[in-house]
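Worksheet: the structure to be examined is printed underneath.
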Amino acid sequence: MARWRLKALDIPLAVVLSAAAVIPWMLPGEPGATAVVTYPGGEVRVGLDETRTLVLRGPVGKTVVRVEGGRAWVESSDCPQKLCVKMGEIDRAGEAVWCVPNCVGVRIEGGTGVDAVTR
Amino acid sequence: MSTPSPVRRVVERYRGVGLLALALALYVLEGLLPRPVPWFRLGLSNIVVLLVLVRQGPLPALRLSLVRTVLGSLFLGNLLTPVILLNLAGSVASWGAMSALLPLYPRRVSLVGISLTGAAFHATAQWATAIGVLLPGLAWGLLPLILLPSLAAGVVVGLITAAVLPQEPDLRVQPG
């Protein structure tokens, strides 16, 4: 049985390919057009060009979602971990922030409102 | 070197078929195992492809790879489906990348380096073909989820290949 030994180009190859592999995650997405806020009572659509503050009630309490300056984010929430607040702002189509305990979510839809069209 | 024994001659002549059978067995077996992610396989049959690549050259490796893919999909049941296009594209792309690295072997690149490059090109070509031919709406954004495990699989395949690679050819074994 032969043993394997590291050669000069192995690590550079691995690094370059790994970096190239991650590129799709770094591309800017399509700019969003509408923030769709989902909560136990239904859905609210807010254009990203609007400025609104939504106070939504869910099983654990209150979640405040703000839309302003073309971005949307969770301002505050009554959930224990507040991961939704820590997620920060979203503005690109396909992005979303969810407060799972409180069943409240914000997602951004792009211009046409669909992710893909088959031919 | 004395004349090889009749047994050895037969073994030598059918060596190619034997390697193909091995590659095919690995490919089909992997295809039949239940997998957490349906698309993802370790690519163990590429051990054989890599072996043939470094020991016999690019053309024998391509032949092996293509026949393995076609026959394998016959046994797995996707011969006449669009899926085979993905696998063929992946096989050709990975073969191309690995063959391109071949001159650098064994000094500058090891079997693991070749193998992980092949794995990366295989996955990417499959994805691109899937987007182009099957699902035009498929997002490129999911590719990293496939690519990174593919690189890991490539490393594993490379290590196994290195472990089973017979000693370098300048050791002549006397036929006996």
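For every residue, the table says whether it meets (1) open to solvent by less than 30 Å² (accessible area, probe 1.4 Å); (2) touching a helix residue (DSSP H, G or I) at 6+ places or on another chain (Cβ under 9 Å); (3) under 12 Å from residue A:104 (Cα atoms); (4) modelled with pLDDT of 85 or more.
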| position | (1), (2), (3), (4) |
| --- | --- |
| A:28 | no, no, no, no |
| A:33 | no, no, no, no |
| A:38 | no, no, yes, yes |
| A:46 | yes, no, no, yes |
| A:54 | yes, no, yes, yes |
| A:68 | no, no, no, yes |
| A:72 | yes, no, no, yes |
| A:78 | no, no, yes, yes |
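If the Cβ limit is 7 Å and pairs must be 6+ apart or interchain, which residue in segment B:14-25 that is closer than 10 Å to residue B:67 by Cβ pairs with which residue that is open to solvent by 40 Å² or more (accessible area, probe 1.4 Å)?
B:20/B:67; B:24/B:71
So that you can scan it fast, the table gives a plain yes or no per residue for (1) more than 7 Å from chain A (Cβ to nearest Cβ); (2) at pLDDT below 95:
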{"position": "B:96", "(1), (2)": "yes, no"}
{"position": "B:99", "(1), (2)": "yes, no"}
{"position": "B:104", "(1), (2)": "no, yes"}
{"position": "B:108", "(1), (2)": "no, yes"}
{"position": "B:115", "(1), (2)": "yes, no"}
{"position": "B:124", "(1), (2)": "yes, yes"}
{"position": "B:130", "(1), (2)": "yes, yes"}
{"position": "B:138", "(1), (2)": "yes, yes"}
{"position": "B:147", "(1), (2)": "no, yes"}
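With surrounded by fewer than 17 Cβ atoms within 10 Å (Cβ to Cβ) and under 23 Å from residue B:25 (Cα atoms) as the only criterion, which of B:134, B:79 stands out?
B:79
Return a yes/no flag: does segment B:3-20 have any residue that is modelled with pLDDT of 85 or more, under 14 Å from the mean Cα position of the chain (by Cα) and open to solvent by less than 30 Å² (accessible area, probe 1.4 Å).
No, that holds for no residue.
Testing residue A:113 on (1) open to solvent by less than 80 Å² (accessible area, probe 1.4 Å); (2) at pLDDT 85 or above, one condition comes back false. Which one is that?
Exception for residue A:113: condition (2).
Going through segment A:28-58 one residue at a time, which ones are more than 20 Å from residue A:78 (Cα to Cα), outside any strand (DSSP E or B) and small (Gly, Ala, Ser)?
Result: A:29, A:32, A:33.
Might you check whether a residue that is open to solvent by 30 Å² or more (accessible area, probe 1.4 Å), assigned to a loop (DSSP other than H, G, I, E, B), in contact with a Cys (Cβ under 9 Å, 6 or more places away or on another chain) and free of Cβ contacts under 8 Å to residues at least 24 places away in the same chain occurs anywhere in segment A:80-100?
Looking through segment A:80-100, at least one residue is open to solvent by 30 Å² or more (accessible area, probe 1.4 Å), assigned to a loop (DSSP other than H, G, I, E, B), in contact with a Cys (Cβ under 9 Å, 6 or more places away or on another chain) and free of Cβ contacts under 8 Å to residues at least 24 places away in the same chain.
Quick one: would you say residue A:50 is over 30 Å from residue B:147 (Cα atoms) and away from chain B (no Cβ under 14 Å)?
So residue A:50 passes the test.
Tell me the residue from B:119, B:163, B:153, B:123 that is surrounded by fewer than 15 Cβ atoms within 10 Å (Cβ to Cβ) and within 28 Å of residue A:4 (Cα to Cα), please.
None of the others qualify; the one that does is B:163.
Looking at the structure I just gave you, is residue B:54 open to solvent by less than 10 Å² (accessible area, probe 1.4 Å), on the phi < 0 side of the Ramachandran plot, β-branched (Val, Ile, Thr) and assigned to a helix (DSSP H, G or I)?
The answer is no for residue B:54.
Taking the conditions exactly as written (open to solvent by less than 50 Å² (accessible area, probe 1.4 Å) and modelled with pLDDT under 95), does residue B:28 satisfy them or not?
Against the criterion (open to solvent by less than 50 Å² (accessible area, probe 1.4 Å) and modelled with pLDDT under 95), residue B:28 qualifies.
Does segment B:48-81 hold any residues that are touching a residue at least 24 places away in the same chain (Cβ under 8 Å) and over 30 Å from residue B:105 (Cα atoms), and which are they?
Correct list: B:75, B:76.
Is segment A:18-40 home to any residue that is among the hydroxyl-bearing types (Ser, Thr, Tyr), within 14 Å of another protein chain (Cβ to nearest Cβ) and out of contact with any Pro (no Cβ under 7 Å at 6 or more places or on another chain)?
yes
The values are calculated or read from the model by the stated rules, or taken from the named source; none is laboratory data. As the structure is a prediction and not an experimental result, all values here were calculated from the model. We place every Cβ from the backbone using ideal geometry, glycine too, and count neighbours over all the protein chains shown. Surface areas here come from the heavy atoms of the whole protein model, side chains and all, with no ligands, DNA or RNA. Shrake-Rupley method; radii C 1.70, N 1.55, O 1.52, S 1.80 Å.
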